[in-house]
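What follows is calculated from the coordinates using simple rules that are stated; it is not laboratory data. In this text the structure is predicted, and so the values were computed from the model without any measurement. Here Cβ is always computed from backbone atoms with ideal geometry, including for glycine, and neighbour counts include all displayed protein chains.
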Amino acid sequence: MKSKPVLVVHGGAWAIPDYLAEDSILGVKIAAKHGYSLLERGVNAVKAVEAAVRILEDNPVFDAGHGAVLNADGEVELDAIIMDGKTLAAGAVSSIRNISNPVSFACSVLEQSPHIMLTGGGANLYADKLGFSQVPTDELVTDNARREWKQYQRYKQAVGSLFSKSMVHDTVGAVAIDQEGNLACATSTGGITNKMVGRVGDSPIIGSGGYADNLAGAVSTTGHGESIMKVTLARRIILDMENGTMPAEAADAALSYMKNRVHGHGGVIAINKSGDWTAKFTTQRMAWAAIKDDLLTYGLNPDENLLDDIGDSN
């Protein structure tokens, strides 16, 4: 018996400013529609989440690929993960440079390498071996990212802090279930502005930035990476769903635990093996979109669930 496909995407949980709100919503809607159209044509969940995240990586509104923020040296370092819930196979890359679609590189690690995670220079060498084209750093850096980095330098000099919530961007991700009932997740990020060179957050870490298992569900996370890693946020939600907890309840419980235990904030998208899904966050905003039964649902603010005709070009 064929399953009904479902796809959910997010564009990061953070204090999204008003000037980015409309473009953030439009971006996740376009990505969700693209990924869902593949599922409808019988494409598997892994390829659907890869395709949806590629759309987000190519959109300079989001902190991934072409919209990535800059590290302390003013460089781009990218992380990504993709996981197949059918086999538990995964591919992850971290601290890579000059690759515009790290999620596709992570997928190649999953499909063609004997390993799960590759990092830094060795990862870039493997990308060369696979024939991945590498782009100039300037192609990945937006004017907004440069302005934000310069503002961060001034802010750090003024107050001596390495962290400002108002300047934090975040991650993109997708989860899906395909017509065969297989699940997958993908997460991709440029990290946080002015991060230490070589810093790796939660996004490429299995069980933190994402997890997929046909026996339970699929999750992609977003938020403060160090907090997410401390509580292995994605795996915590998966375990609850494996025990029969619905995605919304499991996500709320995990985010509450992270907030109370380590004072961390973030967001998640999750789907269970029955196709029930949720998008939850404890930050000011999170751009997300989901398609199930040909109905597009999306939101940006807490408790916001807007609906669109799936044929709407916006």
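Close amide H pairs (under 5 Å, H built 1.01 Å from N) link Gly223 with Ala13, Thr171, Gly267, residues at least 5 positions away or on another chain. Scanning residues 5 or more positions from Ser274 or on other chains, none has an amide H under 5 Å from its amide H, with H placed 1.01 Å from N in the peptide plane.
Counting Lys and Arg as +1 and Asp and Glu as -1, each charge on the Cβ, what is the dipole of region 8-105 about the Cα centre in debye, to the nearest 20?
The calculation lands at about 520 debye.
Karplus-derived 3J(HN,Hα) values for region 47-52, using 6.51 cos²θ - 1.76 cosθ + 1.60 with θ = phi - 60°, are 5, 5, 5, 4, 5, 5 Hz; glycine and proline are entered as x.
The listed peptides 7-17, 171-181, 23-33, 51-61, ordered by packing as a protection proxy, come out as 171-181, 7-17, 51-61, 23-33 (highest mean of other Cβ atoms within 10 Å first). When the charge dipole of the chain is built from unit charges on Cβ atoms (+1 for Lys and Arg, -1 for Asp and Glu) and taken about the Cα centre, the candidate among Trp277, Gly122, Pro247 whose Cα reaches farthest toward its positive end is Gly122.
In the chain, helices alone account for a calculated mean residue ellipticity at 222 nm of -11000 deg cm²/dmol, with every DSSP H run of four or more residues adding -39,500 (n - 2.57). Couplings for region 285-298, taken from phi via the Karplus curve 6.51 cos²θ - 1.76 cosθ + 1.60 with θ = phi - 60°, read 8, 8, 7, 8, 8, 9, 10, 9, 6, 6, 10, 8, 10, 8 Hz in order; Gly and Pro are left as x. For the pair Val197 and Leu125, a Förster radius of 22 Å applied to the C-beta separation gives a FRET efficiency near 0.75, rounded to the nearest 0.05. Backbone amide hydrogens, once placed in the peptide plane, bring Glu77 within less than 5 Å of Asn71, excluding anything fewer than 5 places away on its chain.
The candidate values were [x] 18.7; [y] 23.9; [z] 20.7; the one computed from these coordinates for Kirkwood radius over Cα pairs in Å carries the label [x]. Couplings 3J(HN,Hα) for region 279-284, derived from phi with the Karplus relation 6.51 cos²θ - 1.76 cosθ + 1.60 (θ = phi - 60°), are 9, 10, 7, 10, 8, 5 Hz, where x marks Gly and Pro.
The length gained on full extension between Asp23 and Glu139, counted as 0.36 nm times the residue separation minus their Cα-Cα distance, comes to 39.8 nm.
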